[in-house]
1. Identify, from the list ILE24, ILE48, the residue that is in contact with a helix residue (DSSP H, G or I) (Cβ under 8 Å, 6 or more places away or on another chain), at pLDDT 90 or above and either part of a helix (DSSP H, G or I) or of a type in the set (Asp, Glu) (or both).
2. I need the full set of residues from the stretch 61-87 which are touching a residue at least 24 places away in the same chain (Cβ under 8 Å) and not in a helix (DSSP H, G or I), in order please.
3. If VAL60 passes every condition in (1) β-branched (Val, Ile, Thr); (2) within 9 Å of the chain's Cα centre (by Cα); (3) modelled with pLDDT under 85 but one, which one does it miss?
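The values are calculated or read from the model by the stated rules, or taken from the named source; none is laboratory data. Computed from a prediction, not measured in an experiment: that's the story for all the values here. Because the Cβ atoms are built from the backbone with ideal geometry, glycine has one as well, and the counts that use them run over all protein chains shown.
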Amino acid sequence: MLPMPARWRRRDTRHSNGAEYTRIHVSRSARFMSEYLPTVNLASAVPICQRIVHFTGYEVKPADIKVPSEPVRRLGWLLGDALSPLQ
C-alpha cells in the first residue's frame with residue numbers, strides 16, 4: 001500500500017506541498033484510485049476502494065459508509081486507524 005496518495009501532487013497543481021490537500025484527501029484519494037488501479041489490472045477493486053478510503057477522513061461518519069460486508073467494514077476501520085497518526 002502506498003502512503004497517502006491524496007497528498008501526491010500533479011505537475012499542474014497550484015499548491016506548494018501535498019499537506020495542503022489534507023482537507024480534501026479522501027476525494028483526491030478516491031480519484032487517484034479510479035485512475036491508477038485500472039493501470040495495474042485492478043479495475044474491479046475501484047468501487048470498494050473508493051468506499052474504504054472514506055474511513056481515513058472526516059467527510060462521512062464511519063457508520064454511514066456503505067460497504068458490502070462486515071469484513072470490508074473492519075478493513076476500513078483498520079485502514080482509518082492505521083493512517084490516523086499520519087494526518
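1. ILE48
2. Hit for the stretch 61-87 is GLN87, nothing else.
3. (2)
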